[in-house]
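The values are calculated or read from the model by the stated rules, or taken from the named source; none is laboratory data. As the structure is a prediction and not an experimental result, all values here were calculated from the model. Virtual Cβ from ideal backbone geometry, glycine too; neighbours counted across all protein chains shown. Side chains are part of the model used for accessible areas, which takes the heavy atoms of the whole protein and leaves out ligands, DNA and RNA. Shrake-Rupley method; radii C 1.70, N 1.55, O 1.52, S 1.80 Å.
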Amino acid sequence: MKKQKLILIGNGMAGVRTLEELLKLEAELYDIIVFGAEPHPNYNRIMLSPVLAGEKQVEEIVLNSREWYAENRITLHTGDPVTAIDRKARQITTASGMSASYDRLLLATGSNPFIIPVPGHDLPGVVGFRDIQDVETMLDSARQYKKAVVIGGGLLGLEAANGLKKNGMDVTVVHLMDILMERQLDKPAAALLKASLEEGGLKFLMEAQTEAILGDQRVIGVRFKDGSEIDTDLVVMAVGIRPNTALANAAGLHCERGIVVNDTLQTFDPRIYAVGECVQHRNNTYGLVAPLFEQAKVCANHLAQLGYGRYQGSVTSTKLKVTGIDLFSAGEFNEAEGDETLVLQDPAQGVYKKLVIRDNRIKGAVMYGDTMDGSWYFQLLREATDISSFRNTILFGQHDLGDAGHGEETRVGMLSDEAEICGCNGVCKGEIVNAITSQGLFTLDEVRAHTKASASCGSCTGMVEALLASTVGEGYAATPSKKAVCGCTSYSHDEVRKAISELELKSMPELFDKLDWGTPDGCPSCRPALNYYLLAAWPAEYRDDAQSRFINERAHGNIQKDGSYSVVPRMFGGLCSADDLRAIADVADKFEVPEIKVTGGQRIDLFGVKKEQLPAVWKDLSEAGFVSGHAYGKALRTVKTCVGKNWCRFGTQDSTGLGVKLEELTWGSWMPHKFKLAVSGCPRNCAEATIKDLGVVCVDSGYELHIGGNGGIKVRVTDLLCKVESEQEVLEYTAAFIQCYREEAHYLERTAPWVERVSLNYVKQRVVEDKVGRKALYERFKLSQQYAQVDPWKARAEGAETHEFTPLSIDRMRAAS
Amino acid sequence: MNEWIPVTKLEEIPRLGARKLQAGDLDIALFRTGSDEVFALRDRCPHRGGPLSQGIVHGDAVTCPLHNWKIDLQSGEVQGPDQGCVHSFAVRIEEGVVYLDVASLESAA
Ligand SMILES: Cc1cc2nc3c(=O)[nH]c(=O)nc-3n(C[C@H](O)[C@H](O)[C@H](O)COP(=O)(O)OP(=O)(O)OC[C@H]3O[C@@H](n4cnc5c(N)ncnc54)[C@H](O)[C@@H]3O)c2cc1C
Ligand code: SF4
Ligand code: SF4
Ligand code: FES
């Protein structure tokens, strides 16, 4: 097939990102030609501020080198702006007289700085702040002259002012309003910002309207409306940008403020797409890269002829890149009538945080001084999360919200996998952690290369480094993917699982041998996965390999940062008796447990138990009738219940009793990842069943089964699997669903992504429609449970695996010998 | 001068696993590989002090449980792009008994 021709006009951040996304999807579809007005390959415009401030060199901010274009067989023409588009002939012409034809055209012409048309605006020494050339002009002036005026106290203006100051100039910022960065900040935050910039040596003229720029050969001053004047050798105009629509307009494309596009980033001419700052979408134009990168993704999807992406607009957040100043803002940060505000102010520390709340949801946030939780608030804002349950402590940040049983030390550790770390590129924590572990990444540059996290504005660099330094939590092993399990093999997860059952592989050495494993005994990525796959395939025969489990599962507790462990006894369905509570209290007293907490899954967590103490603690608990709560494992965690019809006037069924039965059926089961259940007694859903891996919602006529939910910051609500009439059916369907997941998901794949990967219909077919298949799954689950429901705590309390819990001692040996 | 003292039997260390050995204030990790070799390293990851005895042993290396640094059991050196080294101690096995050179402990203290 002959390749189609794609031309990109505008060799900037949005356009080239679109090409990158396109190449990922379809590398062979197009012959691509790029025209750029600037003489450079694509560079990171955001980083012009650090370049101006002398913190970076121009070479360091190049995003796509000329080699990149060559490697991807993209023809690049720099320094040659396109001057006309002939839509009938599907041809473009450039300033140098070159012409080229296209099947598809992509416009990404960015925007131009707005130059206020006052007298003198075209004098030498008046510049915008947009490209490398502007920066060079400014740096030149800084070498020759002393004084600079920056018109505009917004993001760009302040970054320019800061940079010029760093270059030794005497800088005055002129602003029309009485609040700096009024589009991002409220009054108190702006005041803090102004004070700290003044401390750094910047001067401000507030509420000043420019009337004329003075000078003959070159600018010598600025005059304001009130008649006052100020001397200067350089004027930087940073009062805003205007989408660059000239070329599109001349070609007869519909433009308003920007080039008008629909949700697929198509202009009014279906062969012509547009992305970036030059675009107007649903009446919005954008001036930050995060939304432009989202556009790029969708646009690439359509250029690749996949046709399923939709761009629906973006909410943006802002950070200021002035070294030493931490500032974050998002959403509607100035409260409207009827809104509530939560404010934390600590003038001594220079910290200010404000959240605007409407209907228990965050509508806007401004933070100054401590912006660590900015991305968390932003996530809550975008997902419209109801914050009423943690409103009291929300201003103290996410680390104040514990999910029991996890000892992560840092705030990044507390973030969920779905939490966005890099706002510019939309990279979430899970992706970064996965990249770090699966690709074996160790440096910031490698993480940037693999994930793009912190590769744009760089504000999140600190968080990415923190993640690198502490790849904690659940993510420290293989990533579920269609690719090879790990570097030891070229087989995928599915292929390995298939081989285990078809070749009847029943031990790890056998598996390594038959599948030609590249390493004698695997690696920390594949061993835990293989151990699980073997266990799931041969519950009766396979002997669990403790040395292939992560420490939490080996020690049957969650290791905490100080090396101690936490202990969560199982309480079936969350029910307990006074005796149970007394027994736990006794253990807590006897072993001087420093902290006790009720978990989100309705269990009691004992913190700070020493590893050596564990068997003794378990012995006491076991004698009181408790078994392990498996709060540390890729296993069945808890069945959360509401009180149901025994007590609640709305209850339709005995939700607590059903929860107990479910937990009795399922406890002890090892899974590809952690697995949570819940039962609510009516659709009011007090047990939050619709964000669990499997949730039961009781109704008058029976029980609804919901699957594939997930809590955390990025909530995934369950899909309805089916409705059944009796408790027995609930048990059978649940077991069948679990078994299907156990047999077919990839290790470390939660039900939510699994259901999305294999599709809800597939699961319905297996668990609901195929009656015989369901029964078989149920039976296989029960069989496997016969071997799984052996309490690991009791066994260890009675002496199993003592070596795990008793250190050897030299002094003891010496005494003996 | 070497001073060998017996510290445990080989079978007391799980294959592809480790035991923690306390020598006064010093924590040592004793590792047993798939081919029944035994190595002794200080039980402190050069990265952030993670307990290496709790890691996963594979080939001639152990991977730290905290952030997956991979450490060579023989030399104690960190492998791959990271840099660092953890103190290693001399061990030998005789008739199923593992001996540690306590003289080599002095240099670590
Ligand atoms: C100093 C500075 C700091 C910034 N800081 C941040 C920040 O912290 N965070 C953030 O999110 N965003 C920031 N931005 C904004 C961000 O850089 C832009 O949103 C982004 O670069 C826009 O991408 P684009 O592809 O739409 O436009 P551009 O990157 O401007 O690319 C457009 C390109 O098209 C070329 N072009 C125009 N017309 C033609 C033509 N007819 N023929 C050929 N080529 C043409 C232009 O020369 C330009 O190279 C900053 C911008 C600046 C200037
Ligand atoms: S987080 Fe990451 S976010 Fe921020 S803005 Fe960045 S690179 Fe840009
Ligand atoms: S879910 Fe329904 S039955 Fe259960 S406690 Fe809530 S209101 Fe009552
Ligand atoms: S402490 Fe060992 S890898 Fe970080």
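For region A:489-594, which GluC sites (Glu not before Pro) are in a loop by DSSP, counting at most 15 other Cβ atoms within 10 Å?
Filter output for region A:489-594: A:GLU504, A:GLU541, A:GLU592.
Cross-link partners among aspartates and glutamates for B:LYS70, C-alpha distance below 17 Å, same-chain residues fewer than 8 apart left out?
Leaving aside aspartates and glutamates fewer than 8 places away in the same chain, those within reach of B:LYS70 are A:ASP521, B:ASP43, B:ASP60, B:ASP82.
If I model a spin label as a point 7 Å beyond the Cα along the Cα-Cβ vector, how far apart are those points for A:ASN761 and A:ALA800 in nm?
4.4
Classify chain B as rounded, prolate or oblate from the Cα gyration tensor: take a ≥ b ≥ c as the square roots of its eigenvalues, call it rounded if a/c is under 1.5, otherwise prolate when a/b beats b/c and oblate if not.
Note, shape of chain B comes out oblate.
So, taking all protein chains as they sit and a 1.4 Å probe, how much accessible area belongs to B:HIS58, in Å² rounded to tens?
Counting only protein heavy atoms, B:HIS58 exposes about 20 Å² to solvent.
List, in the order given, every pair from A:LYS634/A:LYS676; A:LYS165/A:LYS203; A:LYS363/A:LYS452; A:LYS297/A:LYS634 whose Cα-Cα distance in the structure shown is over 22 Å.
A:LYS363/A:LYS452; A:LYS297/A:LYS634
So, for region B:1-100, what is the accessible surface per residue at a probe of 1.4 Å, expressed in square angstrom?
Per residue, region B:1-100 has an accessible area of 43 Å².
How much length would be gained if the chain were fully extended between A:THR75 and A:GLU256, taking 0.36 nm per residue of separation minus their Cα-Cα distance, in nm to one decimal?
Length gained between A:THR75 and A:GLU256: 62.0 nm.
If you average the sequence gap of Cα pairs under 8 Å that are 6 or more apart and divide by the length of chain A, what percent do you get for the contact order?
The value is 7 percent.
If I ignore ligands, DNA and RNA and count only protein heavy atoms, how much of A:VAL790 is accessible to a 1.4 Å probe, in Å² to the nearest 10?
For A:VAL790, the solvent-accessible surface is approximately 90 Å².
Buried accessible area for the B:A pair, summed, 1.4 Å probe, in Å² rounded to 100?
2800
With r as the distance between the Cβ atoms of B:ARG15 and A:ASP494 and R0 = 22 Å, compute the FRET efficiency 1/(1 + (r/R0)^6) and round to 0.05.
For R0 = 22 Å, the calculated efficiency reads 0.15.
Testing the spin-label approximation: label points 7 Å from Cα along Cα→Cβ at A:ARG66 and A:ASP86. State their distance in nm.
Placing both labels 7 Å along Cα→Cβ, they lie 3.0 nm apart.
Alpha carbon centre of region A:150-195 versus region B:44-109: separation in Å?
Cα centroid to Cα centroid, the span is 54 Å.
³J(HN,Hα) across region A:64-81 via Karplus (A = 6.51, B = -1.76, C = 1.60, θ = phi - 60°), whole Hz, x for Gly/Pro?
So the Karplus estimates, Gly and Pro as x, are 10, 6, 4, 4, 4, 4, 4, 4, 9, 6, 9, 7, 10, 10, 9, x, 9, x Hz.
Shielding by partners for B:15-23, please: the mean number of other protein chain Cβ atoms within 10 Å of each residue's Cβ.
Taking all residues of B:15-23 together, the mean is 6.
Determine the per residue accessible area of region A:554-792 with all protein chains present and a 1.4 angstrom probe, expressed in square angstrom.
39
Would you mind calculating the gained length between A:VAL790 and A:ASP346 on full extension (0.36 nm times residue separation, minus the Cα-Cα distance), in nm to one decimal?
154.5 nm
Which loop trypsin sites (Lys or Arg not before Pro) in region A:210-243, with loop taken from DSSP, have no more than 13 other Cβ atoms within 10 angstrom of their Cβ?
Filter output for region A:210-243: A:ARG218, A:LYS225.
Give me the mean projected area, in nm² to one decimal, of the convex hull enclosing the Cα positions of region A:126-239.
Result: 6.7 nm².
Need one value for B:52-64: mean number of C-beta atoms belonging to other chains within 10 Å of its residues' C-beta atoms.
Other-chain Cβ atoms within 10 Å of each residue's Cβ, averaged: 5.
Rounded to the nearest whole Å², what accessible area per residue is found for region A:57-140 with the 1.4 Å probe?
I get 51 Å² per residue for this part.
Whole number please: convex hull volume per residue, Cα atoms of the protein assembly as shown, in Å³.
Taking the convex hull of the Cα positions in the protein assembly as shown, it is 210 Å³ per residue.
Find the relative contact order for region A:554-792 and round it to a whole percent, using C-alpha pairs within less than 8 Å whose residues are 6+ positions apart.
Relative contact order here is 15 percent.
Counting only the heavy atoms of the protein chains, how much of A:MET237 is accessible to a 1.4 Å probe, in Å² to the nearest 10?
0
I need to check one value: relative contact order of region B:4-102, counting alpha carbon pairs closer than 8 Å and at least 6 residues apart, in percent.
This gives 28 percent for region B:4-102.
B:ASP27 versus A:LYS514, label points 7 Å from Cα toward the beta carbon: distance in nm?
Reported label-point gap for B:ASP27 and A:LYS514 is 4.0 nm.
Distance between the C-alpha centers of region A:31-89 and region A:511-541? Whole Å please.
Going from one Cα centre to the other spans 48 Å.
Of B:MET1, A:MET177, which has the most accessible area and how do the rest follow, probe 1.4 Å?
Output order, biggest surface exposure first: B:MET1, A:MET177.
Can you list the residues of region A:518-549 whose accessible area drops by at least 20 Å² going from the chain on its own to the full set of protein chains, with a 1.4 Å probe?
The answer is A:ASP521, A:PRO524, A:ARG527, A:GLN547 - residues whose exposure falls by at least 20 Å² when every protein chain is included.
Return the long-range amide H neighbours of A:GLN653 (sequence gap of 5 or more, or a different chain), with a cut-off of under 5 Å between placed amide H atoms.
A:LYS645
Computed from the mean reciprocal separation of all distinct C-alpha pairs, what Kirkwood hydrodynamic radius does region A:70-114 have, in Å?
12.2
Among the trypsin sites (Lys or Arg not before Pro) within region A:162-198, which fall in a DSSP loop and have no more than 14 other Cβ atoms within 10 Å of their own Cβ?
Within region A:162-198, the qualifying trypsin sites (Lys or Arg not before Pro) (loop, at most 14 other Cβ atoms within 10 Å) are A:ARG183.
Straight-line reach from A:LYS56: which aspartates and glutamates have a Cα under 16 Å away, not including same-chain ones fewer than 8 places off?
Within the straight-line cut-off, A:LYS56 pairs with A:ASP131, A:ASP134, A:GLU136, A:GLU159, A:ASP445.
At a 1.4 Å probe, what is the % contribution of carbon and sulfur to the accessible area of the protein assembly as shown?
48
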